[in-house]
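**Q** Here's a structure for you.
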Amino acid sequence: MARTQPSAAHIALVGAIKEHGETATPTQIERWQQQGWLPKAAEWTEPGSSTIRPKWLNRAVCLAHTARAGRSIGWLGWVFWAIDDTPDSARRLRAVLITTLERPLARAGIEQLPTGDSNQAFQARQDAAARMMENRRSPRRDLDGILRDGAAAAGIELPRSPETAVPNIFHRALMDPGARLLLGGAADVGIEDLLEAWEQAWPDHAEKIEYIREAHRQAELAGTNLMAQSPMAEGMAGMVRTIETADDRALCAAVRSCTNASGVLGVLMQRGVHEPEIIAQLMSDAMWDQWARVGGIAPDGAVGAAAVAISTFQYLAMPDWAADLDRYVRVMYALAGARPAPLDTPDAESSH
């Protein structure tokens, strides 16, 4: 079946994109509309005008710059849905966030996790966690160590993480109980399991680990389960529920904040290659350990999408953490010498 000719509006947008140094086809633009990143062509211009509104032209240029044949534009598309902040864009965000959070299950061929506290259900979750970890590689070095070596060559000594920060959160010893925690929550992973893992990943901090062990022991004697108070107490099920039940506006606001934060962090990390003093200032803030090095860096692809999805969950589930992230964003924009992007309203994109 022959394709219909592109509309005059689509041809005009193609031309406008070209004037900004990028290329796109009418077919690409139609796909962007199907994804909800661009509205109907009638909304591109003001009534009675043929000039494309800056908001939609800027977005189309950004999409054209990012689009690559056969590749997804990744979490950039989430940014546009979050900015639009409509029931449809919130629905799209909710679906893609949940799919992203559940991707480790799909990759391991796990269609549905058994619930409940029966021995059979528990063992099934343990087996599923083991399948998730098959052929998974753990980085041998921590990010801080790599950055510290690079800065040393420039004669700059980077700050040390506080003693409460685990040097390498991707240590193999931590990933195994982490997978079980993700699938079954705190009920499937006792504090002793975690402490034994920390003892392997954190061999020089026996005194600190014993302090944590004693704190949990005393809390248990007082009738309190500290593990059950964690945002991760219900594992992936709790994360998905948080996304599912979030108010549309709150969900869009969380994604705006988290993608904005990862975006400016990415810019600063690139500049830090030649200006290591920027890395030093980033690392001197508590949010370096609480967010940046454990999920703030969000590259293209599935890894970056997972990082943004987890940050979004934390933003929704932990108000104090969310406030600290927003504060850190202001710090990062000050380091970048720029004004924070006003992403708290749907129309903010046009002011970029």
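Bear in mind that the values in this text are calculations on the coordinates, not laboratory data. What you are looking at is a predicted structure, and each value in this text was computed from that prediction instead of being measured. Backbone-built Cβ (ideal geometry, glycine too); neighbour counts: all protein chains shown.
**Q** Which one of the conditions (1) in a loop (DSSP other than H, G, I, E, B); (2) more than 25 Å from Gly301 (Cβ to Cβ) does Glu22 fail to meet, given that it meets all the rest?
**A** Of (1) in a loop (DSSP other than H, G, I, E, B); (2) more than 25 Å from Gly301 (Cβ to Cβ), only one is false for Glu22: (2).
**Q** Taking the condition surrounded by fewer than 19 Cβ atoms within 10 Å (Cβ to Cβ), on the phi > 0 side of the Ramachandran plot and either in contact (Cβ under 8 Å) with a residue 40 or more places away in the chain or among the small types (Gly, Ala, Ser) (or both), does Gly223 pass?
**A** yes
**Q** Restricting to segment 298-315, give me the number of residues that are over 16 Å from Arg94 (Cβ atoms) and free of Cβ contacts under 8 Å to residues at least 60 places away in the same chain.
**A** Adding up the residues that qualify gives 3.
**Q** Scan segment 287-321 for residues that are closer than 19 Å to Ser72 by Cα, part of a helix (DSSP H, G or I) and among the aliphatic types (A, V, I, L, M) and jot them down.
**A** Ala302, Val303, Ala305, Ala306, Ala307, Val308, Ala309
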